[in-house]
1. Quick one: in region 25-39, which of the residues that are under 19 Å from the mean Cα position of the chain (by Cα) and farther than 22 Å from Gln150 by Cβ is surrounded by the most Cβ atoms within 10 Å (Cβ to Cβ)?
2. What's the number of the only condition in (1) of a type outside the set (Phe, Trp, Tyr); (2) outside any loop (DSSP other than H, G, I, E, B); (3) modelled with pLDDT of 70 or more; (4) surrounded by fewer than 21 Cβ atoms within 10 Å (Cβ to Cβ) that Val336 fails to meet?
3. Could you look through region 244-280, keep only residues that are within 19 Å of the chain's Cα centre (by Cα), modelled with pLDDT of 90 or more and among the hydrophobic types (A, V, I, L, M, F, W, C), and pick out the one that is farthest from Pro329 (Cα to Cα)?
4. Scan (1) modelled with pLDDT under 95; (2) hydroxyl-bearing (Ser, Thr, Tyr); (3) more than 18 Å from the chain's Cα centre (by Cα) for the single condition Thr285 breaks and write down its number.
5. Name the residue that is farthest from Leu401 (Cα to Cα), counting only residues in region 259-280 that are in contact (Cβ under 8 Å) with a residue 40 or more places away in the chain and exposed (fewer than 15 other Cβ atoms within 10 Å of the Cβ).
6. State all residues of region 289-305 that are in contact with a strand residue (DSSP E or B) (Cβ under 7 Å, 6 or more places away or on another chain) and among the small types (Gly, Ala, Ser); if no residue qualifies, say none.
Amino acid sequence: MDAFYATVEALDDPTLAGRPLIVGGTGARGVVASCSYEARAYGIRSAMPTGRARRLCPQAVFVDGRHDRYMEVSRQIHAVFDLYTPFVEGISLDEAFLDVTGSIRLLGPAPHIAADIRGRIKSELGLGCSVGVAPVKFLAKLASEAAKPQADLQGTIAGKGVVVIERGEELEFLHPLAIEALWGVGPATATRLRRLGVTTVGELARVPSDALESAIGRANGAHLARLSCGVDDRGVEPDREVKSVSHEETYAVDRYELDELHVEVVRMADSVATRMRKAGLLGRTVTLKIRYGDFSTITRSRTGPAGLAEGPAITALALLLLQEVDLSPGVRLLGVGVSNLTPAGRGPGEQMTFDFDGPDAPPGGEGRGRQGGAGLVDAAAAVDAIRERFGSGSVGPAALLGSGGLRVKRPGDTQWGPPANPDG
């Protein structure tokens, strides 16, 4: 998708169209999630600190990101993809690989399918996208980037919309590109390659394998050697296995108090558990992530004997981990995640249970489990049913109740940092 989040915001508010628009965390600790091409002309890019973006383009409009809205539109986009092929591998909310090999006989050549998808998304959803067509995945990705519009201070330059790399033309397209175009070439790898005199993909393809592996390591060297020759054996994976479910949040002011972070753990764990149950997953390993004010980051994990998907059970383990962490430097970011996932479907008696009445009991009662897994499972099912009918803020842990109601953590909120006006 072209400037997806920014385009959705302009779609919902037409007064934003054609203006330098920056979407993300609008507060002092925020980062840019997306920006319009009018903003990109000033050098603004995603993941840039919001403060720097303000300095580069003070006249820009800054909008807090709305993950729920982008997810809603993403589902509409994927519904369009599903009309053309069942083989869709979503990479993010605004990007996907489609294998249309089996659709060609019915729908026509791949370039025709690409143009048709692009036109349908524009006419039905009002959004622009760029499509790359190629025999392998990473070349299709590069072709889609070559098809995109270009930012310019005099006005956005329209892109090709669809770029096709035919079989047999892979190296003609690939070899003139800068080495940074390849997956796996970050700043450190690029510096090492330049020491070998390598600046383009074509030059990389001519480097002897032993010299390449000596410079950047055996695995990375072999990987980049294959890509530089246009080789990518990966297929489109429609059902990519979920490795973990997590939430994290950056705070406007560093937090030092255990009681305050205790509530945040309850909030994160409740949301993680809700997402896991919705996806039909159980998890065994709970991970706590802490980033301090100096940006140093630590993680701590515990693995239980069986699967869990209930907020109190996840909270209990996360709070035990929190007790082991030094909070004195000040916590800038807190995250809770669950991994080691398996599909749900076990009986209630197999659900993980906890008894935290001993010396390891976490502070307070919100994270405390109970003997008998059926109770936790039944309570969680009741919570899910209430939220389905009345909304996510209708019921939740008592620890999250404040003057403004329940502070339920929603997927994606503050994903790009705290807003400029948290109460707005």
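1. Gly30
2. (4)
3. It comes out as Met276.
4. (1)
5. Gly280
6. Gly293, Ser301, Gly304, listed by residue number.
To keep it simple, each residue is scored yes or no on (1) modelled with pLDDT of 95 or more; (2) assigned to a helix (DSSP H, G or I).
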| site | (1), (2) |
| --- | --- |
| Ile117 | yes, yes |
| Leu127 | yes, no |
| Ala140 | yes, yes |
| Ala143 | yes, yes |
| Gly155 | no, no |
| Gly159 | no, no |
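Here's the yes/no breakdown for (1) loosely packed, with under 11 Cβ neighbours inside 10 Å; (2) closer than 30 Å to Leu282 by Cβ; (3) modelled with pLDDT of 90 or more:
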| residue | (1), (2), (3) |
| --- | --- |
| Trp183 | no, no, no |
| Thr189 | no, no, yes |
| Gly197 | yes, no, yes |
| Asp210 | yes, no, no |
| Glu213 | no, no, no |
| Ala222 | no, no, yes |
| Gly230 | no, no, yes |
| Asp239 | yes, yes, no |
| Val242 | no, yes, no |
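The values are calculated or read from the model by the stated rules, or taken from the named source; none is laboratory data. Since we're looking at a predicted model, the values are computed, not measured. No Cβ is skipped: glycine too gets one built from the backbone with ideal geometry, and neighbour counts run over all protein chains shown.
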